[in-house]
Structures are given as structure tokens and as C-alpha cells.
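Colleague: Sending over a structure as C-alpha cells; questions will come in a sec.
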Amino acid sequence: MPTTVYLLDDVMKSYDSRVVCHIGHLEIYKGEILGIMGPSGAGKSTLLRMLNFLEPTTSGTIRFNGLSVNGNGSVPMDVRRKVTTVFQEPMLLSTSVKGNVAYGLWLRGQKGGGCLLEQALERVGLDHLSKARAQTLSGGEKRRVALARAMVVAPEVLLLDEPSANLDPYNVSLIEDLVTSINREQGTTIILVTHNVFQARRLSQRVMLMLEGRMVEVGETERLFTQPQDPRTLSFIRGEMVY
Amino acid sequence: MAAIEILWQALVQALHSLFTGAPVVREIVSLSLRVSGLALLLTTAIGIPAGAWLGLHRFGESLVARLGRRLFIAFLYTGMGFPPVVVGLLVYLMLSRTGPVGWLGWLYSPQAIVIAQTIIAFPVVAGFTMAAVTGVNPELRQQLRSLGATNWQATITIIKEARFGVTVAVIAGFGSIISEVGAAMMVGGNITGHTRVLTTGIVELTRMGLFADAMALGIVLLSITLVINLMMQQLQGRALD
């Protein structure tokens with residue numbers, strides 16, 4: 001029986017009475033890669049923000065390792081620091097690559113993380129650019145710095161929001177390999193938001209489809225791709241859905 | 001005497017005073033640096049956090065809260081153009097024997113000038129800091145929080161990201177302090193060897209017709225400003241290149 005990291009029950013987020021995300025019931029298991037697919041505006045990023053305690057829910061319950069975490073202000077810092085997001089447009093600090101990767105360690109008061117830093121930079125293939133100014137990097141390199149910055153603090157859960165959107169095939173493959181190895185070697189639970197069905201199929205053990213703020217279907221990757229229960233899922237994975 | 005001749009004499013006089021270390025000039029320069037330096041330190045310590053708070057904090061989502069914030073900012077901007085003599089008058093009234101803090105006995109003392117200059121520079125430093133941190137992408141805060149930053153750590157990081165603008169705030173604050181004459185004259189009294197600073201010294205020497213000496217102090221004042229601004233630029237880092 002897998003251990004549940006997140007348990008969501010009737011979770012809803014709305015802005016001015018407009019519901020942007022509604023999840024009936026969802027369990028996310030320790031050590032899995034859960035792919036969340038859906039077109040733009042499906043509520044995927046809002047869900048990630050709630051899972052990272054950055055936004056409170058409007059109603060419903062989110063439990064993280066059994067602890068209720070509905071309000072963003074009430075989550076203890078040691079719990080918050082178990083979850084990190086790599087955003088679609090990562091914002092790097094105006095310092096060196098190394099300075100950016102070291103930021104999370106500085107926040108946690110971890111001095112002397114030189115070895116961790118070097119390992120993280122090496123894993124993302126940027127050790128030769130450690131002294132370069134982060135603002136001078138290309139889009140793909142910036143995403144890799146953001147990934148290293150998240151990786152170095154060894155989170156229990158890593159949330160990835162379109163980690164390879166608009167990148168060239170080389171960087172896409174590099175990032176996908178990294179995601180797989182972080183999950184396999186460190187046992188990190190990964191929640192991957194993507195609108196790329198092929199990427200979701202390649203990387204995830206389970207996949208979920210969201211449409212118009214609602215969860216349509218969730219299941220084992222191969223089962224969902226070969227025997228979808230909902231006609232909208234079939235339509236989405238076949239690329240027939242116009243949105 | 002022709003103006004150009006006065007300027008030439010002033011330059012010679014200034015260099016002579018600086019290199020020979022004339023006691024009067026040394027005393028005035030030293031007091032100016034101490035008074036304005038302390039005022040700048042106080043203003044920076046209060047103005048940067050206040051400006052950052054105003055830039056990053058919302059009083060609430062209601063109409064009243066939003067209007068309240070705007071009113072607060074309007075007051076701050078008004079303060080940026082507050083005439084120093086009016087500040088001098090207010091500080092004078094506060095420190096005068098019958099004033100609420102007259103018991104301190106600080107009127108006509110360097111402390112009085114420090115208070116007046118701090119009040120003059122505060123809106124400048126806070127206002128420019130507020131503008132600088134507001135210019136940082138608001139998304140950054142959320143990303144920092146996601147990496148595990150506390151509110152305090154995120155604020156410090158945002159101020160660091162806005163360091164170019166924050167340094168401009170400090171430079172502008174310093175400019176308003178070092179060039180100020182009205183308030184220093186009113187609350188300091190321009191007493192020789194006690195409260196005479198560069199600006200009030202220039203006024204006094206001009207009144208006495210000692211134009212070359214007055215210009216010499218002016219050149220010293222400009223040189224100090226230039227050196228301090230160059231030091232501040234170092235803080236702004238490579239963004240200037």
C-alpha cells in the first residue's frame with residue numbers, strides 16, 4: 001500500500017465567484033511522478049500553488065503528510081520547506097549561477113554546502129558556468145539553474161510547472177532525464193504539470209487530466225492512455241480537442 | 001573683482017585649505033560629515049524598511065484600504081518636496097524651551113541639525129525605495145516563498161534585487177541633506193566651532209564678503225558629494241556598466 005503524501009477532498013479555488021480549480025478527491029503517493037495534463041487555463045498552475053501552500057483553498061481540505069494545510073499562512077516553515085516549485089518562467093536572482101543555486105541553502109542557514117552545490121551544478125551540466133551571471137544565460141540554461149536550485153535543498157515533493165515548455169529538444173531531453181533521476185535516486189515525489197501528452201506519458205507513473213478547472217480523470221499512465229474512462233480524455237490524448 | 005578671478009582664487013584657496021589642513025575648514029568639514037553622516041545613517045535605517053514595507057505591503061483589498069494607502073503615499077511624495085525651512089521651523093518649535101521636547105536642550109546643537117536633516121531626507125529615501133521595490137516583479141516573492149523563504153527573508157532578497165534603485169534613494173537622500181541650509185541655520189544657529197556646517201559656513205562667508213573663502217567651502221562640499229556618490233555607485237554594482 002503506497003504512502004499518501006497529499007490527500008485532497010473537494011478542494012475548490014475561486015476568484016470573485018469564478019471557480020478556477022475544483023478537485024473532488026485525489027491522493028498523491030510518496031515517490032511517484034504524477035503528470036497533470038490539460039490545456040491552458042485548466043487550473044493546473046493554481047493547483048500547484050495550493051499544493052505549495054502559496055495560496056489558500058476557498059473550500060475543501062488538503063492534507064500534507066496527514067497535516068491540514070488549507071491556509072497558506074498557517075503552515076509551519078519546516079513543512080513548507082519540504083515542497084518546492086520550479087516555475088514555468090523561473091526568476092533568477094541578479095547574482096551568479098552558483099549564488100542562485102545556493103539561495104535555498106542560505107535560507108535554511110546551511111553553511112558549507114559547497115559539495116552539494118557542485119554536485120547540483122554538475123548534474124544540470126552547468127558546473128563550467130558557476131561564476132557566470134545568471135541573467136546572461138539562455139532560456140534552457142535558466143530552467144536548469146532553477147532545477148538545480150530546487151534540487152539542492154532535497155525537497156520531499158518537487159512541483160514542476162511546464163519545466164521544458166518552449167525549449168529545444170536537447171534541453172527537453174536533459175530536463176526529462178534529470179526529472180527521472182531525481183525521482184529514482186532521491187525518491188522525490190514529483191508533480192509534473194505539462195500540456196504535452198507525450199511528455200506526461202514518458203515521465204509519469206500516473207496521469208491526471210484537468211479541463212476547465214476540474215479533474216476529469218486520473219489513473220495509471222498506460223491504462224489512461226490505452227483505456228481512458230472519459231470520452232474527453234480520449235479526445236484530449238488523440239489531440240482532437242479544440243481549445 | 002571679476003567673477004572669474006574669484007573663482008580662480010577660490011580654487012587656489014580650497015586646495016590650500018585642504019592640503020594645509022586649515023583648522024577652521026577642517027572643523028567645518030568634520031562637523032558636516034559627522035552631522036550629515038549620522039542623519040543619513042538614521043534616514044537609511046528608517047527610510048529603507050519603511051519604503052520597502054509600503055512598496056510590498058497592501059493595507060487590504062477594500063476600497064477604504066486602497067484609498068488609505070494612496071493617501072499615505074501622497075503624503076510621502078509631498079514630503080519629498082517639503083521646504084527645509086519649514087522642517088527647520090517645526091524642529092525649532094519642538095526643541096525650543098517651551099516646546100514638547102525642549103527639556104532636551106538640543107536647540108542650537110549638532111543634534112538638532114541631525115534631527116532636521118533626518119526628517120528632510122526620510123520621505124526622499126522612503127519614496128525612492130518604495131518605487132524601487134515596486135518595480136521588482138511581484139512574481140519573485142512567490143518564487144522565493146516556494147524556495148522556503150520566510151516573509152522577512154523574501155523582503156531582504158527583494159530589496160537586494162532592487163539595490164540599484166535603493167542606492168539611488170540613499171544618494172538622493174544624501175543630496176537633500178548635504179545641500180540643505182535653511183533648517184541647519186534655524187535649528188543649529190550657525191555657531192562658529194559648534195554648529196557651523198559647510199552650507200551655513202558658505203552663507204556666513206558670503207555675507208562677510210569673503211567670496212573666495214565661501215567658494216572654497218563650496219568646492220569642498222562638491223568634492224565630498226562627488227566622492228560619496230562614487231562610493232555609492234560601487235554599491236550599485238555592474239548594473240551601471
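The values are calculated or read from the model by the stated rules, or taken from the named source; none is laboratory data. Predicted, not measured: the structure shown is a model, and the values here were computed from it. When we count neighbours, we look across all protein chains shown, and the Cβ atoms used for this are built from the backbone with ideal geometry, even at glycine. Note: areas computed on protein heavy atoms with side chains; ligands, DNA, RNA excluded. Shrake-Rupley method; radii C 1.70, N 1.55, O 1.52, S 1.80 Å.
Colleague: So what is the calculated 222 nm ellipticity per residue for the protein assembly as shown, using -39500 (n - 2.57) for each DSSP H run with n of 4 or more, over all residues, to the nearest 500 deg cm²/dmol? Present the calculation step by step, with values, prior to reporting the outcome.
Modeller: On the way: 20 runs with 269 residues, N = 484.
Rounded to the nearest 500, it is -18000 deg cm²/dmol.
Colleague: Once you place label points 7 Å from the Cα toward the Cβ at residue B:5 and residue A:214, how far apart are they in nm?
Modeller: Calculated label separation equals 9.5 nm.
Colleague: Checking the table A:82/A:111; A:111/A:131; A:142/B:160; A:13/A:111; A:13/A:82 against a 30 Å threshold on Cα-Cα, which pairs fail?
Modeller: Table pairs above 30 Å Cα-Cα are A:13/A:111.
Colleague: At 1.306 mPa s and 10 °C, plugging the Kirkwood radius over alpha-carbon pairs of the range A:93-154 into Stokes-Einstein gives what diffusion coefficient in µm²/s? Write down the numbers at each step before the final one.
Modeller: Numbers: Rh = 11.1 Å.
Once the numbers are plugged in, D ends up at 143 µm²/s.
Colleague: Using the reciprocal of the averaged 1/r over all distinct C-alpha pairs, how large is the Kirkwood radius of chain A in Å? Numbers along the way, then the final one.
Modeller: Details: mean 1/r = 0.0540 Å⁻¹.
About 18.5 Å, per the Kirkwood formula over Cα pairs.
Colleague: Could I ask something else about it? For chain B, find the longest principal axis of its Cα atoms and tell me its angle to the long axis of helix B:211-236, 0 to 90°, nearest 10.
Modeller: 20 degrees
Colleague: What average number of partner chain Cβ atoms lie no more than 10 Å from the Cβ of the residues making up B:157-164? Write down the numbers at each step before the final one.
Modeller: Details: counts 4, 0, 0, 3, 4, 1, 1, 1.
Average per residue, whole number: 2.
Colleague: Put a dot 7 Å past each Cα toward the Cβ at residue B:207 and residue B:104; how far apart are the dots in nm?
Modeller: Placing both labels 7 Å beyond Cα along the Cβ direction yields 2.5 nm.
Colleague: At 7 Å along the Cα-to-beta-carbon direction for both residue B:70 and residue A:108, put a label point, then send me their distance in nm to one decimal.
Modeller: In this crude label model, residue B:70 to residue A:108 measures out at 4.5 nm.
Colleague: State the volume of the convex hull built on the alpha-carbon positions of the protein assembly as shown, expressed per residue in Å³ and rounded to an integer.
Modeller: Values: hull volume 100.4 nm³, N = 484.
Output value, Cα hull per residue: 208 Å³.
Colleague: A further question on this structure: Efficiency by 1/(1 + (r/R0)^6): what FRET value for residue A:230 and residue B:137, r their Cβ-Cβ distance, R0 = 35 Å, to the nearest 0.05?
Modeller: Details: r = 38 Å, r/R0 = 1.09.
Working from the Cβ atoms, E equals 0.40.
Colleague: Where the accessible area of chain A is counted over protein heavy atoms with a 1.4 Å probe, how much of it, in %, is carbon and sulfur?
Modeller: Details: 5350 of 10790 Å².
Roughly 50 percent of what the probe reaches on chain A is carbon or sulfur.
Colleague: Nearest 0.05, what FRET efficiency do residue A:14 and residue B:34 give at R0 = 51 Å with Cβ-Cβ as r?
Modeller: Working: r = 59 Å, r/R0 = 1.15.
After rounding, the FRET efficiency stands at 0.30.
Colleague: Ignoring ligands and nucleic acids, what accessible area does residue B:106 show with a 1.4 Å probe (Å², nearest 10)?
Modeller: Spelled out: residue B:106, probe radius 1.4 Å, area about 80 Å².
Colleague: Ranking request for peptides B:85-95, A:29-39: highest mean number of other beta-carbon atoms within 10 Å first, then the rest in descending order.
Modeller: Details: B:85-95: 19.1, A:29-39: 21.0.
Ranked from most to least packed, the peptides come out as A:29-39, B:85-95.
Colleague: Total Å² of accessible surface buried at the A-B contact, 1.4 Å probe, nearest 100?
Modeller: Separately minus together, A and B give about 1900 Å² buried.
Colleague: Still on this structure, I have one more. Rank these by accessible area, largest first, 1.4 Å probe: B:140, B:33. Write out the running numbers ahead of the final one.
Modeller: Details: B:140 5, B:33 80 Å².
Final ranking, largest accessible area leading: B:33, B:140.
Colleague: Rounded to the nearest Å, what's the spacing between the alpha carbon centres of the range A:74-101 and the range A:1-41? Just the number, please.
Modeller: If you average the Cα positions of each part, the centres end up 21 Å apart.
Colleague: Same structure again: Compute the FRET efficiency between residue A:184 and residue B:62 as 1/(1 + (r/R0)^6), taking r as their Cβ-Cβ distance and R0 = 56 Å, and round to the nearest 0.05. Before the final figure, lay out each step's value.
Modeller: Numbers: r = 50 Å, r/R0 = 0.89.
Given R0 = 56 Å and the Cβ-Cβ separation, E is 0.65.
Colleague: Which residues of the range B:124-148 end up with at least 30 Å² less accessible area in the presence of all protein chains than when their chain stands alone, using a 1.4 Å probe?
Modeller: B:140, B:142, B:143, B:145, B:146, B:147, B:148
Colleague: Which three semi-axes in whole Å describe the equivalent ellipsoid of chain B, each the square root of 5 times a Cα gyration tensor eigenvalue, listed largest first?
Modeller: Working: eigenvalues 291, 106, 40 Å².
So the equivalent ellipsoid measures 38, 23, 14 Å along its semi-axes.
Colleague: Under the Karplus relation 6.51 cos²θ - 1.76 cosθ + 1.60, θ = phi - 60°, what is the ordered set of whole-Hz ³J(HN,Hα) values for the range B:183-193, x standing for Gly and Pro?
Modeller: Result, ordered by residue: 5, 4, 5, 5, 8, x, x, 6, 8, 4, x Hz.
Colleague: Also, quick follow-up: Probe of 1.4 angstrom, ligands and nucleic acids ignored: what's the accessible area per residue over the range A:93-154, in square angstrom?
Modeller: On the way: 2750 Å² over 62 residues.
I get 44 Å² per residue for this part.
Colleague: Per-residue counts of other Cβ atoms within 10 Å, averaged by peptide: what ranking do you get for A:61-70, B:49-58, A:95-104, B:123-132, highest first? Intermediate results must be reported in sequence, preceding the final value.
Modeller: Working: A:61-70: 15.9, B:49-58: 17.7, A:95-104: 22.4, B:123-132: 25.0.
Per-residue mean Cβ counts within 10 Å order the peptides as B:123-132, A:95-104, B:49-58, A:61-70.
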